[in-house]
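Some notes on the structure that comes next.
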């Protein structure tokens, strides 16, 4: 149970190492709070959809898996949208169209595939690990982009020189995410030698 | 009289220094007979011949000392009269040692009596010309050493309408063809006429680069009145002497990929090959001597008429030895600067039928540069006469990706060296293409075998 | 501004200025996958077809079904259903019309259903309240923009294949940075529509 | 006597990467001198800062990544100098440093050093700075007058300046772009030393003029204003990022001209040159793919069709 979770956070971090869930990671992380919110929402939907995927795993035929997972994640995304619109209206407006897009996030679909042909313990451990890993990754990107892009962090002013508006733009998002991925690989590779990540 | 008949691409190596030919272009050919000669059995492209003499036999000049083996085989003849002192493997320019016959010269030079000359080229019986060529052991002396009688074997359904004599000599440093054209121009035209009559071809063209105006003049005078023979000056550019480039410039046709010149009805002969054909037909003499330029860092660079099998270090000694201290010598190359073969040593390398020159480089000139990254400057794409993409091919060859190297036509590379010459980043392009070509050829042979 | 130039500017806007991958950052996971040039062209065309059809169908579902019955909250599920159906339909047609395309796409078009760009464009059309013509145009041009992005990325990827990229940056990181640099170039189009 | 056995060819042309880069540096000197003459001390400071930070950045990234240090092939110095000549004299020094570091580390270093980057480092850095700190890069200075803030550049109000001023360069603008005779001097030097071929500069300037004229701008003014000439000579001809064959280079130049005209007519940024060249750099791998030369002995498709139905 725990090595699956720790793998999800460090070696097998979904965003940095496996490159899953990149679309929201670029669009929403212009401010750290939105990134955190998105991370948590995606993590919750991930855990639920992995659970349902594990249950349906035996039933669904091999060909139809992608379609079914999309349907499952679409339902949970709708639920997430209700919750966000109800309790965190300003976060919902900030995330905009990316809450419905959780339905087709590559992170959820690949974890659902993983969950459907593994034991319950492994599936849940992996889902939780990936969820936490994703939250950490999203918040990290959000922090970096907010500091450099707006010069503020969670609202408080921070940057000595005028902020680099490029980092707030999509192009800057790509570059910052790419750089963070590279540094993350360098750090994790150096930390635990050449141990291969379990995708 | 500079001409603008040329092909696309190509480079101008050592253009400032007359392609490195100035030291020896004015020197007449000097005869040199060696003490002992080591005649290699594998001087031609086909399988090495089997020696028919034992140690202690006495051989005359021009006597056959080995029988041909296989379809591409050629007989080998003694280039000196004297006594056979050794029959065994000797280190050759190719790294594996090859079978050779060593003969000690008795300086009598008496010709063997079994020669059968066919008389004048214009009147002799055309059907006898090709067997005479085979009997004389004539092979391509431009560098490929492909047996000439096999080249003349025109299969049915094929025909030849032009014979080109390659007097381009675009390789740097070498002036053997140039001197031959000046001193034996009539014999070359006879050789061309003999080939034309043997294959009953109406048109013969002698192509000469315009950095040899005296040679063009001499050949024009010799070719007057000979029907079907014309002289064509070409622009001086390397690799004009390549078979494919010559055919493209002289006849405007292109040899299709994986095909031979005969498929576009052309045969290409080197100038010295034409002369050897004339010797074989007119006097029935075998191919035992060749003109070789010895130049570079030697005291007196000069052109030798040398017996096949003479050792390289003898020639260098004859030139007065190295002009730079011994440890300063970097490389001794058989052939010119662009396609020459570096010798591992100079004491055991005999001159073969196709070795046109020996060039000595100083240590500074032969320094190995390490490869800088490619900056995609496009000079190699401009320089390649075949129109390949050397910078892209290099990546595939380094990665050992045979499929994609084949897709990008590495097998069409003529290994002329233009791309490696011009590359500002000193990348070794030609050698990696040659390695990949050998690998693919070996793979194909293994597949077939 | 005549009608024609407004439509033309809208199309240029959708393909270049608000490019689906580089400006709206949808479908980045699919675009980032390393592919050869031919496969990327075929995959791009397939995505373009699916995107256009799903934009039209989603517009129909939105205006005919969800809006009159005030069931906008079911939008996500409805649109996902439509996208999956359209992808399955396209897979059938393509395997009949052009079987050799299917080999290059290892005969499964389902990943296109999981592509954020297709669903994203549909939702954007619904929220912006486009009429039928604009929804169709936005789907088509979004698809063409995706094709352009994928083809450019494949061209750059083939150049990077032999590049001496440092070890930690090999694979996804360098692909994302390349996309970032291309997006930096695409900023030049800002202001055109 | 140890004989080398390195393979053929045994002779090499005098051209080396370092020599080519030195040629470019020498060709840039007239523009640098003109810039310093027109805009005074701040031009020198910017040039020094950006060249030094480019070289230092390259050294650091190569040490971190364990690559062989290649500073002496001067490519980082060329990138730094070209970037400096692209900036307005008013830009603060740390902006130039940030631009140089971005160019040498992100655009070139992470892709594997010289030869593996697909964007022109100097141009990508200029776009990066233009988008990051638009204010710093668009405050211009009047030439020859001690730091009086000048009016808009000829791009902003084309009617404001005569052709003579445009050509001679006493107009507000970037350090290296204004003085056209200096650029032409550099072009002549590069062509004379065969460092670049004439196709890209000539075609790009011509296409820019044609497309701008089609879109309503002046034919000659558009060629002389903004950074078109400087970019055509020094930036679009960067080997690594321009197509290999001359056919491809013509398509590349046409694309640049078109996009410059488009951006200048409709776009938000007044200066379209930077983004036009970057966009065509991105398209270069595809242009290369479709403009391959016909290999000797293969019929190109035109002949093949002729034979097929002939």
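Before moving on, here are some points about what is shown:
- When D:41, A:174, A:76 are arranged by Cβ crowding within 10 Å, least crowded first, meaning fewest neighbours, the order is D:41, A:76, A:174.
- Cα radius of gyration and Dmax for the protein assembly as shown (Å): 36.3, 118
- Reduced Cα scattering model of segment D:158-224, Debye log10 I(q)/I(0), q = 0.23, 0.27, 0.28 Å⁻¹: -1.08, -1.19, -1.20
- For residue B:398 and residue B:5, the difference between the fully extended length at 0.36 nm per residue and the C-alpha to C-alpha distance is 137.9 nm.
- By the count of other C-beta atoms within 10 Å, a proxy for reagent exposure, D:20, C:147 are ordered fewest to most as C:147, D:20.
- Measuring spread by the Cα atoms of segment D:196-290 yields a radius of gyration and Dmax of 12.1, 35 Å.
- Chain A: angle of helix A:120-150 to the longest principal axis, Cα-based, in degrees nearest 10: 10
- Per residue, the Cα convex hull of chain B amounts to 147 Å³.
- Overall, the anisotropy analysis places segment B:355-401 in the prolate class: the square-rooted eigenvalues a ≥ b ≥ c of its C-alpha gyration tensor yield a/c not less than 1.5, with a/b exceeding b/c.
- Fewest neighbouring Cβ atoms within 10 Å first, the residues D:290, A:54, D:219 line up as D:290, D:219, A:54.
- Inter-label distance, residue C:192 to residue B:50: 7.8 nm, where each label sits 7 Å from its Cα along the C-beta direction.
- Residue-span extension gain [residue B:72 to residue B:367] - 0.36 nm each, minus C-alpha spacing: 102.3 nm
- Helix-only mean residue ellipticity at 222 nm for chain D, each DSSP H run of n ≥ 4 adding -39500 (n - 2.57), per residue, nearest 500: -18000 deg cm²/dmol
- Convex hull (Cα only) mean projected area of segment B:379-448, reported in nm² to one decimal: 4.2
- Entry note, chain B: relative contact order of 19 percent, from Cα contacts under 8 Å with a spacing of 6+ residues.
- Shown is the FRET efficiency for residue A:120 and residue C:128, computed with R0 = 56 Å from the Cβ-Cβ distance and rounded to the nearest 0.05: 0.85.
- Distance between modelled label sites at residue C:9 and residue B:426, nm, 7 Å Cα→Cβ extension: 5.8
- Segment C:146-193 and segment B:94-150: distance between their alpha carbon centers, rounded to Å: 64
- Unit Cα scatterers, Debye sum, chain D: log10 I(q)/I(0) for q = 0.08, 0.11, 0.15 Å⁻¹: -0.38, -0.68, -1.19
- Label zone (residue A:82, point 7 Å along Cα-to-C-beta; backbone nitrogen cut-off 16 Å) within segment C:60-78: C:71-78.
- Alpha-carbon centroids, segment A:35-84 and segment B:252-267: separation in whole Å: 66
- Between the helical axis of C:75-97 and the longest alpha-carbon principal axis of chain C there is an angle of about 60 degrees.
- Counting DSSP beta bridges with both ends in the protein assembly as shown, the antiparallel % (nearest 5): 60
- Counts of other chain beta carbons within 10 angstrom of each beta carbon in peptide C:113-122 average 6.
- Rounded D (µm²/s) - segment D:17-150, Kirkwood Rh over Cα pairs, Stokes-Einstein at 25 °C, 0.890 mPa s: 164
- Overall dimensions of segment C:52-193 by Cα: Rg and Dmax, Å: 18.1, 58
- Folded to 0 to 90 degrees: helix C:132-160 orientation relative to chain C principal axis, Cα: 10
- Spatial separation of Cα centroids for segment D:57-130 and segment B:320-376, in angstrom: 41
- Across segment A:2-191, the volume of the C-alpha convex hull divided among the residues equals 119 Å³ per residue.
- Highest-fluctuation residue, C:139, C:129, C:120 considered, GNM on chain C with Cα pairs under 10 Å: C:129
Read the figures in this text as sums done on the coordinates, not as results from a lab. It should be emphasised that the depicted structure is a prediction, and the values quoted were computed from it without experimental measurement. Methodologically, a virtual Cβ is constructed for each residue, glycine included, from the backbone with ideal geometry; neighbour enumeration extends over all protein chains shown.
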